[in-house]
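Taking it in order: structure first as structure tokens, then the write-up.
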């Protein structure tokens, strides 16, 4: 986490970018529609989705254009985030069996910067090689 950022302030979309880019061995690719995809070792860990029919306003049917996908380590982690009715995270049937959660950029402010930093770090850890994950955890004194 950026040591200069207030961990309690509301998270913003630009924080997703800054936090992802701050993780080691990260590259940022562009999808076919120009959407950003953050990868570690060639494996995506954060993906800015294009509007899709599975994530749309239930009243108007308008597809959400601000959905961000974060990989998670396990199905239990996914359900801990997406099944909490107070959480801004969600999933759709399209992602059944996929280790990821979704959040709309417009709802990131429901998370604190510190909470978002943890989600980004966990996403990175879920996709980094064991060697890279161990080195990062060791560098932070987490192991």
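Here are the numbers for this structure:
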read-out	value
The range 88-104: number of residues that are farther than 16 Å from residue 76 by Cα and either crowded, with 16+ Cβ neighbours inside 10 Å or modelled with pLDDT of 95 or more (or both)	3
Odd one out for residue 49 among (1) surrounded by 15 or more Cβ atoms within 10 Å (Cβ to Cβ); (2) over 24 Å from residue 131 (Cα atoms); (3) in contact with a helix residue (DSSP H, G or I) (Cβ under 6 Å, 6 or more places away or on another chain); (4) at pLDDT 95 or above	(3)
Filtered residues of the range 69-98 (kept if within 20 Å of residue 19 (Cα to Cα) and touching a helix residue (DSSP H, G or I) at 6+ places or on another chain (Cβ under 6 Å))	70, 71, 72, 73, 88, 89
Leading residue by the ranking (farthest from the chain's Cα centre (by Cα)) among those in the range 62-75 that are exposed (fewer than 13 other Cβ atoms within 10 Å of the Cβ) and more than 13 Å from residue 91 (Cα to Cα)	62
When residues of the range 30-52 are limited to those that are outside any loop (DSSP other than H, G, I, E, B) and without any contact (Cβ under 8 Å) to a residue 12 or more places away in the chain, the one nearest to residue 101 (Cα to Cα)	37
Residue 20 being in contact (Cβ under 8 Å) with a residue 60 or more places away in the chain and under 19 Å from residue 119 (Cβ atoms)	yes
Criterion (over 16 Å from the mean Cα position of the chain (by Cα) and either farther than 21 Å from residue 142 by Cβ or surrounded by 12 or more Cβ atoms within 10 Å (Cβ to Cβ) (or both)) met by exactly one of 40, 59, 13	59
Condition met for residue 26 (touching a residue at least 12 places away in the same chain (Cβ under 8 Å), surrounded by 13 or more Cβ atoms within 10 Å (Cβ to Cβ) and more than 19 Å from residue 13 (Cα to Cα))	no
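The rows are residues; the columns are (1) assigned to a helix (DSSP H, G or I); (2) closer than 19 Å to residue 19 by Cα; (3) at pLDDT 95 or above; (4) touching a strand residue (DSSP E or B) at 6+ places or on another chain (Cβ under 7 Å).
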| position | (1), (2), (3), (4) |
| --- | --- |
| 54 | no, no, no, no |
| 106 | yes, yes, yes, no |
| 115 | yes, yes, yes, no |
| 119 | yes, yes, yes, yes |
| 124 | yes, yes, yes, yes |
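The values are calculated or read from the model by the stated rules, or taken from the named source; none is laboratory data. None of the values given here were measured: they were computed from a predicted structure. In this analysis, Cβ positions are derived from the backbone assuming ideal geometry, glycine residues included, and neighbour counts consider all displayed protein chains.
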